[in-house]
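As structure tokens, the structure follows; a few thoughts come after it.
The values are calculated or read from the model by the stated rules, or taken from the named source; none is laboratory data. It should be emphasised that the depicted structure is a prediction, and the values quoted were computed from it without experimental measurement. Heads up, the Cβs are rebuilt from the backbone with ideal geometry, glycines too, and the neighbour counts pull from every protein chain shown. Remember, those area values only see protein heavy atoms, side chains included, never the ligands or the DNA or RNA. Shrake-Rupley method; radii C 1.70, N 1.55, O 1.52, S 1.80 Å.
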Amino acid sequence: MKLIDLHTHSLCSDGAQTPYDVVRTAAAAGLSAIALSDHDTISGVREALDAGSALGVEVIPAVELSAQSDTELHILGYFIDIQNKRLQDAMAYALQVRDERQVEVCQKLNEQGFDITMEELRAEANGNPVLCRAHFAQIMVRKGYAESVKDAFNRYLSVGCYAYSNRQALTGPEAVSLIHEAGGIAVAAHLHLIKMPDEPLREYLRELIPYGLDGIEGYYTDYTPDMEQRYRAMAKELGLTISGGTDYHGANKPHIAIGKGKGNLEIPYSVLDGLRARHKEVYG
């Protein structure tokens, strides 16, 4: 069976992996296709596409947009035109807001007695334009403030924790609409992180459909079998397609291998066929 991974990252991974490295890792794992969906930036997509051509891996141009929410709402965009001016401008603004968010997180950590600076955060990012909570977590582990990246998130950096900031550049409708302006299809990522019971979640997603929501993640690393079943049923009920991915972040999420998440998660190529069919349905 041909396997894929449509939710991978390089610029917000361990600071060492380039987009080329991510594609090479996918090739070594025997994957047929991947999507490089970095947070709020498309700057690595061209390199990933070139790597895919050289290494025989199909690369889908993609992005993961952070959207305003009381919890976490991330919208994946697939088959996007990375030359789209509106998308490029929005990504520049999103990175600016992301930087402002990390300054706020840094201040909150300082208030809790953690000796961490923005200069250290930028050094941790190793020249990458995307500053992430994972970079804070790596510093916290190295300085002994947390036992692991996951521990840093659980105690300090996740939704509901003191150092969390929900400052985002785009609303959910704006993120979905932007992806469509760039010729892509929009998919709501990791639904369990939205932290809503099924009925309010269903209505929340239904409200995004008029703006162009095309699908939801039906396969994901942290989904239980029950979640997978419920979310796929929800997609069918709402007339949405499904996507799937591991949320691979290199060493920042060492429990996730590209193409294979927890519980030996595997995503079949038929998922990409479904996304392609939806793209054709939307754009002809």
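May I ask you to list the residues in the stretch 159-200 that are among the hydroxyl-bearing types (S, T, Y) and touching a strand residue (DSSP E or B) at 6+ places or on another chain (Cβ under 9 Å)? Spell out the reasoning first.
Our first condition is that a residue be among the hydroxyl-bearing types (S, T, Y); within the stretch 159-200, this holds for 162, 164-165, 171, 177.
Passing the criteria: T171, S177.
With respect to E111, determine if the residue is among the acidic types (D, E), open to solvent by 60 Å² or more (accessible area, probe 1.4 Å) and in contact with a helix residue (DSSP H, G or I) (Cβ under 8 Å, 6 or more places away or on another chain).
Working: among the acidic types (D, E): yes; open to solvent by 60 Å² or more (accessible area, probe 1.4 Å): yes; in contact with a helix residue (DSSP H, G or I) (Cβ under 8 Å, 6 or more places away or on another chain): no.
Against the criterion (among the acidic types (D, E), open to solvent by 60 Å² or more (accessible area, probe 1.4 Å) and in contact with a helix residue (DSSP H, G or I) (Cβ under 8 Å, 6 or more places away or on another chain)), E111 does not qualify.
Among the candidates E120, E147, E124, which residue alone is touching a helix residue (DSSP H, G or I) at 6+ places or on another chain (Cβ under 6 Å), farther than 24 Å from E64 by Cβ and charged (D, E, K, R)? Full working, then the answer.
Details: E147 fails: touching a helix residue (DSSP H, G or I) at 6+ places or on another chain (Cβ under 6 Å); E124 fails: farther than 24 Å from E64 by Cβ.
After ruling out the rest, the residue left standing is E120.
Let's see how each residue does on (1) at pLDDT 95 or above; (2) open to solvent by less than 70 Å² (accessible area, probe 1.4 Å); (3) farther than 19 Å from K150 by Cα; (4) in contact with a Gly (Cβ under 6 Å, 6 or more places away or on another chain):
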{"residue": "R232", "(1), (2), (3), (4)": "yes, no, yes, yes"}
{"residue": "L238", "(1), (2), (3), (4)": "yes, yes, yes, no"}
{"residue": "N252", "(1), (2), (3), (4)": "no, yes, no, no"}
{"residue": "I256", "(1), (2), (3), (4)": "no, yes, no, no"}
{"residue": "L265", "(1), (2), (3), (4)": "no, yes, yes, no"}
{"residue": "V271", "(1), (2), (3), (4)": "yes, yes, yes, yes"}
{"residue": "G284", "(1), (2), (3), (4)": "no, no, yes, no"}
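Have a look at R167, R155 and point out the one that is among the basic types (K, R), surrounded by 14 or more Cβ atoms within 10 Å (Cβ to Cβ) and in contact (Cβ under 8 Å) with a residue 60 or more places away in the chain. Talk me through it step by step, then tell me what you get.
Working: R155 fails: in contact (Cβ under 8 Å) with a residue 60 or more places away in the chain.
Being among the basic types (K, R), surrounded by 14 or more Cβ atoms within 10 Å (Cβ to Cβ) and in contact (Cβ under 8 Å) with a residue 60 or more places away in the chain holds for just one of R167, R155, which is R167.
Identify all residues within the stretch 81-107 that are β-branched (V, I, T) and open to solvent by 10 Å² or more (accessible area, probe 1.4 Å); write none if there are none.
If the condition is that a residue be β-branched (V, I, T) and open to solvent by 10 Å² or more (accessible area, probe 1.4 Å), then I82, V103 are the ones that fit.
Tell me, please, whether a residue that is under 15 Å from H249 (Cβ atoms) and not in a loop (DSSP other than H, G, I, E, B) can be found in the stretch 53-60. Even if it seems obvious, please write down each step before you answer.
Within the stretch 53-60, the first condition is being under 15 Å from H249 (Cβ atoms), and the residues that meet it are none.
No: zero hits.
Does S37 meet the test of being over 17 Å from G244 (Cβ atoms) and hydroxyl-bearing (S, T, Y)? Step through it out loud before you land on a result.
On the way: over 17 Å from G244 (Cβ atoms): no; hydroxyl-bearing (S, T, Y): yes.
Answer is no for this residue.
Hey, can you tell me all the residues within the stretch 252-270 that are in contact with a helix residue (DSSP H, G or I) (Cβ under 6 Å, 6 or more places away or on another chain) and assigned to a helix (DSSP H, G or I)?
Quick first cut of the stretch 252-270, residues in contact with a helix residue (DSSP H, G or I) (Cβ under 6 Å, 6 or more places away or on another chain) only: 252, 258.
Matches in the stretch 252-270: N252 only.
Residues are listed down the side, and each one gets a yes or a no for (1) open to solvent by less than 30 Å² (accessible area, probe 1.4 Å); (2) touching a Gly at 6+ places or on another chain (Cβ under 7 Å); (3) at pLDDT below 95:
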site	(1), (2), (3)
E47	no, no, no
G52	yes, no, no
D70	no, no, yes
F79	no, yes, no
